[in-house]
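*Asks:* Pasting a structure below so you can have a look.
The values are calculated or read from the model by the stated rules, or taken from the named source; none is laboratory data. Bear in mind that the values here come from a model prediction, so they are computed numbers and not experimental data. Cβ: placed from backbone, ideal geometry, glycine included. Neighbour counts: every protein chain shown. Accessible surface areas use protein heavy atoms only, side chains included; no ligands, DNA or RNA. Shrake-Rupley method; radii C 1.70, N 1.55, O 1.52, S 1.80 Å.
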Amino acid sequence: MNLAADIKARAEALGFLACGITDPGPPPHADRLDAWLARGYAGTMRYLHRQARRRKDPRLSVPESLAVVVLLENYYSPDDAGAPELPRIARYARGEDYHHVTMRRLQTLATFLLEHGAGVARPYVDAGPIPERELARRAGLGWIGKNTMLIRPGVGSYFFIGSIFTDLPLEPDTPFTADHCGTCTRCLDACPTGAFVEPHVLDATRCISYLTIEQRGPIPEPLVDRMEGFAFGCDICNDVCPWNQRFAQPTTVAELRPRHSLAGVDEGFFDSMEEDEFRQRYGGTAFERPGLAGMRRNVRAAFASVHRYERES
Ligand code: B12
Ligand code: SF4
Ligand code: SF4
């Protein structure tokens, strides 16, 4: 076996869904990032503007790199009793924070690379200036759907994307060039806030995920009404995708399985909570990003949106 095949076998043994290899050169769709930023779709995510140059040329992040090993990490968990518990938490955020879990697992694979001759093996997941979907597509792992997700045939899109930049001269995989969305528009039609400006273009400032996780301050009133009970993140454009409905399988990564829920809480649940208790209950989970103030706002907004649906049904 060659080294690339050994790395893929190790990734599979570690429980990653899939592993592909690409080069660290500029992605072909980098101009789309400039257009997206210029139209203001990043809202208050200023870091995306600051990182734009490096996102458009991943070699700037790790100049010694000759190859990028891209990994997919399954986070899917089905809803208990087949229906979501209210207020809703996006599936990816029901276990331990993936920034810790998946990073630890990437580090294990990076160690394997270092033991096999690499001088550099630097892992990233989500937090770095890395165009992760682009690299995954170029590593042959799937196509970019109309909902902007990386989708893998036979798998769907409920996974995180991690990458390891290395100075090993690994043979790249063939980029994924097919598009399996066809005439389907389910995700575009289902988004409750109308966040898709056109296929493949998301105005993040209208996305429930942005409003509940990234944005500080109040959620604009007309959008509160449309949150469909979500208090953290949103799964709708993934849930309606036929590729997920057909192929999603529960994650085998124990730390990513559900360990907390908001089922049964009232709208003032976080109002009476102190910072210490919040840290104790939700330390190490994705709730740390919006923090206690953000979760107070989110749960109130989630209840307001549920009331609307109760009124209308
Ligand atoms: C900012 C961000 C967000 C923002 C904006 C999302 C967006 N669509 O841009 C918000 C907060 C809304 C968000 C939400 C979510 N996110 Co997010 N997010 C990111 C982050 C940090 C940057 C994405 C970015 O650069 N956006 C700017 C746009 C312009 O870039 P892009 O969509 O990636 O598009 C590029 C390519 O796709 C390509 N391209 C664009 N259109 C087309 C069309 C064709 C035909 C082709 C070939 C290429 C192409 O060009 C673009 C420029 O390079 C990435 C991590 C990372 N480091 O990349 C995670 C990431 C994209 N998010 C992720 C996840 C899981 C989510 C959520 C599902 C979480 C949730 N349940 O709430 C939602 C999904 C919402 C959605 N439909 O995108 C995963 C996606 C995994 C996957 N299977 O694709 C990532 C990769 C994090 C990770 N490491 O796993 N996210
Ligand atoms: S995550 Fe929800 S709000 Fe955001 S684009 Fe998808 S369906 Fe719309
Ligand atoms: S719902 Fe349909 S259009 Fe949207 S990403 Fe999935 S297959 Fe593509």
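*Asks:* Quick one: how many residues across the range 254-313 are open to solvent by less than 20 Å² (accessible area, probe 1.4 Å), among the small types (Gly, Ala, Ser) and closer than 17 Å to Met227 by Cα?
*Replies:* Summing the residues that are open to solvent by less than 20 Å² (accessible area, probe 1.4 Å), among the small types (Gly, Ala, Ser) and closer than 17 Å to Met227 by Cα in the range 254-313 gives 4.
*Asks:* Test Arg54 against the stated conditions and say whether it is surrounded by fewer than 20 Cβ atoms within 10 Å (Cβ to Cβ), over 17 Å from the mean Cα position of the chain (by Cα) and more than 30 Å from Arg300 (Cβ to Cβ).
*Replies:* Spelling it out, Arg54 is indeed surrounded by fewer than 20 Cβ atoms within 10 Å (Cβ to Cβ), over 17 Å from the mean Cα position of the chain (by Cα) and more than 30 Å from Arg300 (Cβ to Cβ).
*Asks:* Restricting to the range 20-35, name every residue that is out of contact with any Gly (no Cβ under 9 Å at 6 or more places or on another chain) and closer than 26 Å to Pro63 by Cβ.
*Replies:* Matches in the range 20-35: Asp23, Pro24, Gly25, Pro26, Pro27, Pro28, His29, Ala30, Asp31, Arg32, Leu33, Asp34.
*Asks:* Please go through the range 74-114 and pick out each residue that is more than 17 Å from the chain's Cα centre (by Cα) and small (Gly, Ala, Ser).
*Replies:* Ala81, Gly82, Ala83, Ala110
*Asks:* Please work out if Thr102 is modelled with pLDDT of 95 or more, open to solvent by 60 Å² or more (accessible area, probe 1.4 Å) and polar (S, T, N, Q).
*Replies:* no
*Asks:* Among the residues of the range 272-308, which ones are at pLDDT below 95 and more than 27 Å from the chain's Cα centre (by Cα)?
*Replies:* The answer is Ser272, His307, Arg308.
*Asks:* If you take the residues of the range 181-216 that are acidic (Asp, Glu) and part of a helix (DSSP H, G or I), which of them is nearest to ligand 1 (Cβ to nearest atom)?
*Replies:* Glu214
*Asks:* Quick check: anything in the range 104-117 assigned by TED's automatic domain parsing to the domain that holds Pro26 and within 23 Å of Phe247 (Cα to Cα)?
*Replies:* No, there is no match, as no residue in the range 104-117 is assigned by TED's automatic domain parsing to the domain that holds Pro26 and within 23 Å of Phe247 (Cα to Cα).
*Asks:* To continue, here is another question. Return only the number of the condition from (1) within 30 Å of Leu113 (Cα to Cα); (2) surrounded by fewer than 18 Cβ atoms within 10 Å (Cβ to Cβ); (3) of a type outside the set (Val, Ile, Thr) that Phe159 does not satisfy.
*Replies:* Of everything listed in (1) within 30 Å of Leu113 (Cα to Cα); (2) surrounded by fewer than 18 Cβ atoms within 10 Å (Cβ to Cβ); (3) of a type outside the set (Val, Ile, Thr), Phe159 misses just condition (2).
*Asks:* Could you list, in sequence order, all residues of the range 237-253 that are open to solvent by less than 20 Å² (accessible area, probe 1.4 Å) and within 16 Å of ligand 3 (Cβ to nearest atom)?
*Replies:* Result: Asn238, Cys241, Asn244.
*Asks:* For the range 170-188, how many residues meet the condition of being at negative phi and free of Cβ contacts under 8 Å to residues at least 40 places away in the same chain?
*Replies:* 8
*Asks:* Across the range 215-236, which residue is modelled with the lowest pLDDT among those that are open to solvent by 30 Å² or more (accessible area, probe 1.4 Å) and either over 15 Å from Val299 (Cα atoms) or within 16 Å of ligand 3 (Cβ to nearest atom) (or both)?
*Replies:* Checking each candidate, the answer is Pro222.
*Asks:* Exactly one condition in (1) part of a helix (DSSP H, G or I); (2) basic (Lys, Arg); (3) over 30 Å from Glu12 (Cβ atoms) is not met by Arg246; state its number.
*Replies:* Condition (3) is where Arg246 drops out.
*Asks:* Next up: Out of Ala35, Ala11, Ala18, Ala5, report the one residue that is free of Cβ contacts under 8 Å to residues at least 12 places away in the same chain and within 23 Å of Thr166 (Cβ to Cβ).
*Replies:* Step by step, each of Ala35, Ala11, Ala18, Ala5 is checked, and only Ala5 is free of Cβ contacts under 8 Å to residues at least 12 places away in the same chain and within 23 Å of Thr166 (Cβ to Cβ).
*Asks:* Would you confirm, using the coordinates I've provided, whether Phe160 is more than 16 Å from the chain's Cα centre (by Cα), more than 15 Å from ligand 3 (Cβ to nearest atom), aromatic (Phe, Trp, Tyr) and assigned to a strand (DSSP E or B)?
*Replies:* The answer is no for Phe160.
*Asks:* Taking the range 9-51, which residues are under 30 Å from Thr252 (Cα atoms) and open to solvent by 20 Å² or more (accessible area, probe 1.4 Å)?
*Replies:* Residues satisfying the conditions are Ala9, Arg10, Glu12, Ala13, Leu14, Gly15, Leu17, Cys19, Asp23.
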